[in-house]
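Undergrad: Sharing a structure with you now.
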Amino acid sequence: MSASLNTRRVVATLVASVAALASAALPAAADGHGRDHGSTGKHSTITIGKVQYDSPGRSDRSNRSLNGEWVEVKNTGKRSVELRGYTLTDKQGNRYRFRGLLLGGHSTVKVHTGKGRNTLRDVYQDRTNYVWDQRDSATLRNEHGRILDSKNWGPGKGRGTHHGER
């Protein structure tokens with residue numbers, strides 16, 4: 001009988017040890033302070049907002065016309081988020097990588113196609129060709145490549161359909 005009592009004590013000690021280790025590791029993942037700076041829990045605070053595709057006016061490939069098309073990236077959370085390494089891509093694989101922008105809480109930044117001087121509200125892809133077509137999509141990924149949000153538009157898609165990772 002003492003052998004089974006000892007076995008129960010060993011098993012109980014092991015179970016308690018595993019539970020203690022698991023509870024010590026859990027808060028780091030559950031408190032939203034992990035490496036995914038754009039997320040709190042399961043939902044990202046960084047999303048795609050409005051999209052101005054197919055530049056309004058004359059499509060003459062001038063810098064003004066190129067900058068007439070843009071995608072808005074929004075921070076819906078209270079805290080600032082560093083966008084370094086985040087990417088914005090279209091259906092054809094054109095990619096813009098954020099170099100280093102601290103997007104304040106409840107703020108937006110427009111990603112323009114053409115050339116310009118980057119500010120806290122506007123950044124530029126420095127392209128000489130249009131990116132966002134009448135039937136296209138925008139996909140936003142964090143610095144680890146995880147899809148945070150996507151938006152599709154065009155015939156049959158409805159204007160501005162969001163497909164965020166939830």
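Undergrad: For K115 and N63, compute 0.36 nm times the residue count separating them, minus their Cα-Cα distance, and round to one decimal in nm.
TA: Numbers: separation 52, 0.36 × 52 = 18.72 nm, distance 0.65 nm.
The K115-N63 span can extend by a further 18.1 nm.
Undergrad: While we're looking at this one, here's another question. Tell me, in nm to one decimal, what length is gained between T128 and E72 on full extension, where the rule is 0.36 nm per residue of separation less the Cα-Cα distance? Kindly include the intermediate steps, with their values, before the conclusion.
TA: Working: separation 56, 0.36 × 56 = 20.16 nm, distance 1.96 nm.
The T128-E72 span can extend by a further 18.2 nm.
Undergrad: Go through K91/K151; K74/K151; K50/K110; K115/K151 and tell me which ones have a Cα-Cα distance over 18 Å in this structure. Working shown, then result.
TA: Details: K91/K151 10 Å; K74/K151 13 Å; K50/K110 9 Å; K115/K151 24 Å.
Those over the limit are K115/K151.
Undergrad: Let me ask you something else. Taking all pairs of distinct Cα atoms, average 1/r, flip it, and tell me the Kirkwood hydrodynamic radius of the range 56-166 in Å to one decimal place.
TA: Every distinct Cα pair counted, the radius reaches 14.5 Å.
Undergrad: For D54 and R79 in the same chain, what is the full-extension length gain: residue separation times 0.36 nm, less their Cα-Cα distance, in nm?
TA: Numbers: separation 25, 0.36 × 25 = 9.00 nm, distance 3.26 nm.
Here the segment from D54 to R79 would lengthen by 5.7 nm.
The numbers here are math on the coordinates, done by the rules we state, and not lab data. Predicted model, so just to flag it, every value in this text is computed and none were measured.
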